[in-house]
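Peer 1: The structure is given below, and queries will be raised subsequently.
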Amino acid sequence: VVDLGAGLGVAGLCAARAGAARVTLVDREPLALHCALTTATLCGLSTAALNEPDEAGAVRACAAEWSSKTVHSLKADVVLGAEVLYDLREVDSLV
């Protein structure tokens, strides 16, 4: 699962709690991702660095713009986006 515009990670953390094998939270705000990973830990979810080997159920964070090569290289069966479009100019970077 990749959660675009994750913010505090509610959608992605729910996916992890529901049993997703791997969750990557993506946001351009590092502080939001720090808070999301802290919440994951407090909720008993495991966390890992983006480049660490797969650990079943681990939540990872990626501070990047949606149009970055890093984001485009992420592999996922499911992409989540909750409350991510506040500016129509951002639509092109999602397509």
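Peer 1: Compute the Cα gyration tensor for region 1-53, then decide on rounded, prolate or oblate, letting a ≥ b ≥ c be the square roots of its eigenvalues: rounded whenever a/c is under 1.5, prolate when a/b is larger than b/c in the other cases, and oblate in all that remain.
Peer 2: rounded
Peer 1: GNM, the chain, Cα, under 10 Å: largest mean-square fluctuation among E52, E29, E65?
Peer 2: Residue with maximal mean-square fluctuation among E52, E29, E65: E52.
Peer 1: With a 1.4 Å probe and all protein chains left in place, how much of the accessible area of the chain comes from carbon and sulfur atoms, in whole percent?
Peer 2: So the carbon and sulfur contribution to the accessible surface is 58 percent.
Peer 1: Kindly report the accessible area of the chain per residue (heavy atoms of protein chains, probe 1.4 Å, no ligands, DNA or RNA), in Å².
Peer 2: Numbers: 5900 Å² over 95 residues.
Result: 62 Å² per residue.
Peer 1: How high is the FRET efficiency between N51 and K75 when r is their beta carbon distance and R₀ equals 22 Å, given to the nearest 0.05?
Peer 2: 0.95
The values are calculated or read from the model by the stated rules, or taken from the named source; none is laboratory data. Being a predicted model, the structure only gives us computed values, none of them experimental. With ideal geometry, Cβ positions are generated from the backbone for all residues, glycine too; neighbour counts draw on all protein chains shown. Note: areas computed on protein heavy atoms with side chains; ligands, DNA, RNA excluded. Shrake-Rupley method; radii C 1.70, N 1.55, O 1.52, S 1.80 Å.
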